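Take a look at the structure set out below.
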Amino acid sequence: MTTLAGQYLAATKPRIVALLVFTALIGMFLAAPGLPPWRALVFGTLGIWMASSSAAALNQLIDQRIDRVMARTAHRPLVTGTLTTRQVLGFALVLGVASMVILALLVNWLTALLTFIGLIGYAVIYTAFLKRATPQNIVIGGLAGAIPPLLGWAAVTGMQAPTDWAYGLLLVLIVFAWTPPHFWALAIFRREDYRRACIPMLPVVYGVEYTRWHVLFYTILLVLVSLLPYLTGMSGLLYLGGAGVLGIAYLYYAIRLMRPPDERFAMSAFGYSIVYLIALFAFLLLDHWLASPMVHVGGYVLERIG
């Protein structure tokens, strides 16, 4: 992306933000018995996208030193000099403030508050502190990145029904359990980058073998957590079947990673983790629309009985 607009877009980590917004959108659709109200859908999506982009830009701003010594991030606009610190800071602040105004005035105050907490959690608590403080940085800080499905749910319902918090937080739990095995697979492959940057990622501090065991453990935990939507009555057999197949495939990658055929297999596991999350949330939506009986609870919430 060589244009100025392209550089600003690159500062927002668009592929990562797209995945976050996708999970928020699924949260919106799951929270409604049919289509979500257009106001929540349009302005909720816009506000969550802008806030996520703001957090990503602030992340790059804070991580300039780290990005300069890592091959994976050496192309970022602040590193190459195509954008200045002042430009990125102003851009991030405009996006952040605008997102809060949109969410507070056009969606609801609760969504704005939760989004603000997520923005601060990722851009400040994780990026500025946890990332440099502990090898468990991605576990603790992963909560901020896991919050978008709850934001989507809150945008539609305002969290007024008894099951809203339970179901919204269940989606957060899935993304939270997914984050460590997803990111640690990348960290295994890029461990020398993190070593040069003096970031205490798990494979840098404790070694690759130790990290592989953690990937396996968290993958097992993720597969178990992914069954909860069915066990709690949130989703039906269509979702259960999809989650089962996806989980078995993820376990294959995690087990194979213990004795990988080559160094790049960690990136194969990382790539599958993205496919897994997208497909898992897609199965949630398909089950919601095609298989589960729909009844109204508190106006918007879907409940599956039996």
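A few notes on this one:
- Residues satisfying the stated conditions in the stretch 158-171, i.e. open to solvent by less than 10 Å² (accessible area, probe 1.4 Å) and either at pLDDT 95 or above or under 21 Å from L143 (Cβ atoms) (or both): D164, G168, L171
- Among the numbered conditions (1) closer than 23 Å to L105 by Cα; (2) open to solvent by less than 30 Å² (accessible area, probe 1.4 Å), the only one that A57 does not meet is (1).
- If you go through the stretch 271-280 and keep only what is open to solvent by 50 Å² or more (accessible area, probe 1.4 Å) and either in contact (Cβ under 8 Å) with a residue 12 or more places away in the chain or more than 15 Å from V223 (Cα to Cα) (or both), you end up with I274, I278.
- Selection count where residues are in a loop (DSSP other than H, G, I, E, B) and either among the aromatic types (F, W, Y) or crowded, with 21+ Cβ neighbours inside 10 Å (or both), scope the stretch 202-225: 1
- Number of the exception - I26 against (1) surrounded by fewer than 20 Cβ atoms within 10 Å (Cβ to Cβ); (2) β-branched (V, I, T); (3) closer than 30 Å to H288 by Cβ: (1)
Matching residues to (1) over 18 Å from V175 (Cβ atoms); (2) under 23 Å from the mean Cα position of the chain (by Cα):
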| position | (1), (2) |
| --- | --- |
| V245 | yes, yes |
| I248 | yes, yes |
| I255 | yes, no |
| S268 | yes, yes |
| S273 | no, yes |
| D287 | no, yes |
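- Note on the stretch 41-54: residues that are open to solvent by 10 Å² or more (accessible area, probe 1.4 Å) and either farther than 17 Å from G121 by Cβ or of a type in the set (A, V, I, L, M, F, W, C) (or both) total 7.
- For the stretch 241-270, filtering for residues that are without any contact (Cβ under 8 Å) to a residue 24 or more places away in the chain, hydrophobic (A, V, I, L, M, F, W, C) and open to solvent by less than 80 Å² (accessible area, probe 1.4 Å) leaves 1.
- Taken together, the criteria place T73 among residues that are open to solvent by less than 10 Å² (accessible area, probe 1.4 Å), more than 19 Å from R39 (Cβ to Cβ) and touching an Asp or Glu at 6+ places or on another chain (Cβ under 6 Å).
The values are calculated or read from the model by the stated rules, or taken from the named source; none is laboratory data. Bear in mind the structure is a predicted one, so any value in this text is a computation, not a measurement. Note that each Cβ is placed from the backbone with ideal geometry, even for glycine, and that neighbours are counted across all protein chains shown. These accessible areas exclude ligands, DNA and RNA; they are computed on the full protein's heavy atoms, side chains included. Shrake-Rupley method; radii C 1.70, N 1.55, O 1.52, S 1.80 Å.
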